[in-house]
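Below is one structure, written out as structure tokens; the observations come after it.
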Amino acid sequence: MMEYVPFLVLVLSFLVFLIMGVPVAWAIGISSLLTMLVNIPALPSVVTIAQRMATGLDSFALLAIPFFVLSGQLMNKGGIANRLIAFAKSLVGSLPGGLAHINVIAAMLMGAIAGSAMAAASAIGSILGPKMEKEGYSKEFGAAVNITSATTGLVIPPSNVLIVYSLASGGASIAALFLAGYIPGILTGLFLMMVAGLWAKRKGIPVEPRSSIIEVGRHFIAAFPSLLLLVIVIGGIVAGIFTATEASAIAVLYTLILALWYKEVSWRHLPEILLQSVATTAIVMLLIGTSMSMSWVLSYENIPQNVSALMLSISENKIVVLLIINLILLVVGSFMDMTPAVLIFTPIFLPVVSDLGIDPIHFGIMMVLNLCIGLCTPPVGSLLFVGVGIANTTIGKVIKPLLPLFAAMIVALILVTYLPDLSLWLPRVFGF
């Protein structure tokens with residue numbers, strides 16, 4: 001029983017700090033320190049936590065995060081969303097629920113290009129929200145579609161969260177993770193579109209005229225420079241031309257040139273964009289630093305091994321174990337941001353699934369897709385607050401239209417969990 005004392009101290013102290021309203025990064029760091037104090041004197045504990053925070057950030061792969069954050073900010077300000085929305089409209093605008101489909105497809109494209117759910121939700125929600133309301137969609141349903149569809153960009157590459165998972169897993173290939181995210185991300189988007197289409201048909205929302213081939217081609221050409229970034233970034237990584245970190249720097253240069261070319265951003269806007277990027281990066285890096293210290297504490301106290309033994313004593317059936325892990329992560333995602341959740345729970349659960357023969361790439365996609373659902377749920381769901389704020393409504397009103405969209409995401413999660421080829425087929429095709 002004594003081997004579980006550090007784990008109980010860690011969990012209980014962390015929950016108490018969250019209930020008290022302590023910021024997540026500080027809650028993680030202080031609860032890690034308290035856990036070390038169970039077996040180690042105060043001074044060595046404090047020094048060790050500080051060292052682990054510093055060394056946790058000493059990673060070349062993590063340089064990709066500030067670059068992708070900056071490229072996302074440039075895209076958000078650079079008029080790229082408007083062109084992607086116009087292209088999506090020409091493709092699916094004539095279907096039942098056309099504007100909702102446009103929201104989903106534009107979010108998938110914007111998120112995939114920017115690697116940021118927040119950028120997708122804020123840019124697309126502010127443009128499409130008023131249009132959806134004018135066409136007869138309720139403000140709350142429009143917000144719900146925007147909130148859930150923005151998560152697809154965290155699964156479809158390039159994704160900062162997948163880079164963080166690669167770090168936490170001990171070196172899972174970033175290129176393989178990026179390739180593995182395509183089918184699950186697109187599948188999630190298709191399920192969201194199905195729900196939106198059924199809702200619009202039931203409400204009798206009018207559809208728009210079908211776009212001609214010429215119109216589709218025109219909008220594709222306008223959006224092509226933005227879409228080309230996907231080919232450059234992902235193609236370069238998969239082909240081995242450059243690393244994910246180098247790709248992120250190339251993405252910044254390309255999006256800066258594109259934003260200036262579109263004349264949506266000028267040189268005088270750059271200080272503000274850089275400042276916003278620095279603020280976002282600082283928050284993320286503090287979370288990563290404290291989370292890495294907690295990951296080290298978990299390893300030092302043998303908590304992953306104890307949890308693994310406990311879970312495998314309950315069942316050695318893959319279906320049951322994956323179900324338990326998914327349920328735990330769904331709860332965790334409701335209270336914790338994705339980055340610390342990935343860094344903390346990957347070392348705990350990865351040994352369990354590895355013992356059952358589950359591929360780390362498959363598990364990573366399952367974990368990220370699961371935690372995406374938490375971004376849309378109270379009390380901590382950051383996307384929920386962004387989407388509600390943009391739509392100028394309340395969380396209470398948005399919850400009801402969110403439920404069927406939640407169900408669609410859960411179905412996608414179940415399929416990705418129990419059909420590993422959805423994640424692993426593309427990496428195998430490209431030899432990863």
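The values are calculated or read from the model by the stated rules, or taken from the named source; none is laboratory data. The model shown is predicted, which means the values in this text are computed figures rather than measured ones. For neighbour counting, all protein chains shown are included, and Cβ atoms are generated from backbone atoms with ideal geometry for every residue, glycine included.
Annotations for the structure displayed:
- Total residues in segment 324-348 satisfying the condition of being crowded, with 18+ Cβ neighbours inside 10 Å and in contact with a Pro (Cβ under 8 Å, 6 or more places away or on another chain): the figure is 3.
- Just one of the numbered conditions (1) under 17 Å from Phe345 (Cβ atoms); (2) hydrophobic (A, V, I, L, M, F, W, C); (3) surrounded by 19 or more Cβ atoms within 10 Å (Cβ to Cβ); (4) at pLDDT below 80 is not true of Leu18: (3).
- The set of residues from segment 229-241 being part of a loop (DSSP other than H, G, I, E, B) and at pLDDT 80 or above comprises just one member, Ile241.
- Scanning segment 189-209 for residues being surrounded by 18 or more Cβ atoms within 10 Å (Cβ to Cβ) and over 17 Å from the mean Cα position of the chain (by Cα) gives a total of 8.
- Subset of segment 137-188 (residues that are part of a loop (DSSP other than H, G, I, E, B), under 15 Å from the mean Cα position of the chain (by Cα) and surrounded by fewer than 24 Cβ atoms within 10 Å (Cβ to Cβ)): none
- Among residues of segment 409-432 that are on the phi < 0 side of the Ramachandran plot, those with a Cβ under 9 angstrom from a residue that is among the basic types (Lys, Arg), sequence gap 6+ or separate chain, pair up as Tyr418/Lys318; Asp421/Arg428.
- Every residue from segment 276-285 that is surrounded by 17 or more Cβ atoms within 10 Å (Cβ to Cβ) and either more than 30 Å from Thr48 (Cβ to Cβ) or touching a strand residue (DSSP E or B) at 6+ places or on another chain (Cβ under 6 Å) (or both): Ser277
- Sub-7 Å Cβ pairs linking a first residue in segment 127-149 that is in contact (Cβ under 8 Å) with a residue 40 or more places away in the chain to a second residue that is among the polar types (S, T, N, Q) and not in a helix (DSSP H, G or I), at least 6 apart or interchain, are Lys139/Thr393; Glu140/Thr393; Ala143/Thr393, ordered by first then second residue.
- Which listed residue is β-branched (Val, Ile, Thr), crowded, with 16+ Cβ neighbours inside 10 Å, in contact with a helix residue (DSSP H, G or I) (Cβ under 8 Å, 6 or more places away or on another chain) and farther than 30 Å from Val24 by Cα, from Ile273, Ile250, Ile288, Ile303: Ile250
- Filter pass, Phe432 being aromatic (Phe, Trp, Tyr) and farther than 25 Å from Ser138 by Cα: yes
- Any chance Gly396 is small (Gly, Ala, Ser), surrounded by fewer than 24 Cβ atoms within 10 Å (Cβ to Cβ) and not in a helix (DSSP H, G or I): no
- Filtering segment 298-321 to residues that are closer than 19 Å to Val38 by Cβ and over 25 Å from the mean Cα position of the chain (by Cα) leaves Ser299, Tyr300, Glu301, Asn302, Ile303, Gln305, Asn306, Val307, Leu310.
- The residues on offer are Ser308, Ser291, Ser295, and the sole one that is under 17 Å from Leu350 (Cβ atoms), in contact with an Asp or Glu (Cβ under 8 Å, 6 or more places away or on another chain) and either of a type in the set (A, V, I, L, M, F, W, C) or in a helix (DSSP H, G or I) (or both) is Ser308.
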